[in-house]
Amino acid sequence: MSQSPQCKPTKAIVLAAGLGKRMLPITATMPKPLVKVAGQSLIDFALDKLHEAGMETVVVNVHHFADMLETHLRAREFPRIVISDERDELLETGGGVKKALPLLGQDPFVTFNSDSMWIEGPNPNLKRLVDAWDGERMDILMLVAPLSTSVGYEGRGDFHRDSDGRLRRRGSDDKSNFVYAGVAIVKPELVPGTPNGAFSANAFYDRAIASGRLYGLPLDGQWLHVGEPHTIAEAEKCLAANQR
């Protein structure tokens with residue numbers, strides 16, 4: 001059990017082990033987290049945001065071109081990085097978190113998809129997420145992006161958001177207003193009892209939904225979904241326009 005439901009997270013995991021198949025042919029020679037957008041690798045964007053938000057320790061799981069990714073990470077001074085080695089078996093998002101749970105500890109932690117990028121609004125979004133965390137009411141607090149302003153995303157959205165901030169899945173609806181922006185605060189209590197081996201983090205989300213404890217914080221700024229090679233240029237165009 002967590003030490004205190006109110007404690008703010010100081011640890012995180014960056015999910016960086018995936019094969020990045022939708023980013024081929026780029027990922028035939030490098031891991032997706034090392035793909036650069038406007039001169040910065042995706043994983044450095046994630047680690048910089050986590051450090052700025054006060055994360056002291058960040059677990060990074062590795063599988064695809066693991067040696068290359070570890071070499072890159074060794075050059076960083078902050079935050080403190082711990083490797084969760086998935087070379088033997090790719091565990092997907094949920095299984096990766098479960099394997100890393102002993103490294104993440106007993107308090108709520110941040111999960112960060114290594115391909116999540118955004119342009120900040122007036123206040124840093126990850127700090128907003130940490131400040132909005134309320135363990136008395138929440139088992140998961142997701143950063144969710146408005147579907148209408150997201151760049152590089154061609155889906156129909158993931159969640160509806162109620163007036164109190166609770167999330168529910170789009171279900172059979174044609175579309176929803178919000179898409180998961182790849183970052184969340186998660187209580188470790190959601191992990192035990194999930195499958196062994198590879199499984200999706202949707203298992204955690206479904207548990208939180210079932211108890212009415214999945215909440216969403218709307219992203220302030222613009223979400224940049226860097227999922228395929230052509231979306232790199234789209235993201236770079238938005239970043240350049242934002243700097244004018």
**Item:** Residue tally, condition out of contact with any Asp or Glu (no Cβ under 8 Å at 6 or more places or on another chain), small (Gly, Ala, Ser) and at pLDDT 95 or above, over segment 96-129
**Value:** 1
**Item:** Unique match (being in contact with a helix residue (DSSP H, G or I) (Cβ under 6 Å, 6 or more places away or on another chain), at pLDDT 95 or above, buried (at least 17 other Cβ atoms within 10 Å of the Cβ) and under 14 Å from residue 37 (Cα atoms)) among 224, 219
**Value:** 224
**Fill in**
Across segment 9-36, the tally of residues that are of a type in the set (Gly, Ala, Ser), in a strand (DSSP E or B) and over 30 Å from residue 132 (Cα atoms) stands at 0
**Prompt:** In segment 153-192, what residues are outside any loop (DSSP other than H, G, I, E, B), among the small types (Gly, Ala, Ser) and closer than 22 Å to residue 107 by Cβ?
**Reply:** 182, 184
**Complete:** Filtering segment 37-80 for residues that are outside any loop (DSSP other than H, G, I, E, B), of a type outside the set (A, V, I, L, M, F, W, C) and crowded, with 20+ Cβ neighbours inside 10 Å leaves a count of 2
**Prompt:** Taking residue 26, is it in contact (Cβ under 8 Å) with a residue 40 or more places away in the chain and buried (at least 22 other Cβ atoms within 10 Å of the Cβ)?
**Reply:** no
**Message:** What are the pairs with Cβ atoms under 7 angstrom where one residue, in segment 109-134, is touching a residue at least 12 places away in the same chain (Cβ under 8 Å) and the other, located anywhere, is of a type in the set (Phe, Trp, Tyr) and buried (at least 24 other Cβ atoms within 10 Å of the Cβ)? Sequence gap at least six, or different chains.
**Reply:** 118/223; 125/118
**Request:** Give just the number: which of (1) touching a residue at least 40 places away in the same chain (Cβ under 8 Å); (2) within 19 Å of residue 92 (Cβ to Cβ) does residue 235 not satisfy?
**Result:** (2)
**Matching residues in segment 81-103 - criterion: being part of a strand (DSSP E or B) and either crowded, with 17+ Cβ neighbours inside 10 Å or among the aliphatic types (A, V, I, L, M) (or both)** = 81, 82, 83, 84
**Prompt:** Restricted to segment 125-165, and to residues that are out of contact with any strand residue (DSSP E or B) (no Cβ under 6 Å at 6 or more places or on another chain) and more than 25 Å from residue 50 (Cβ to Cβ), which residue is surrounded by the fewest Cβ atoms within 10 Å (Cβ to Cβ)?
**Reply:** 163
**Message:** Residue under question is residue 141, and the condition is that it be of a type outside the set (Ser, Thr, Tyr) and in a helix (DSSP H, G or I); does it hold?
**Reply:** no
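The values are calculated or read from the model by the stated rules, or taken from the named source; none is laboratory data. Everything quoted here is computed from the prediction, not taken from an experiment. Methodologically, a virtual Cβ is constructed for each residue, glycine included, from the backbone with ideal geometry; neighbour enumeration extends over all protein chains shown.
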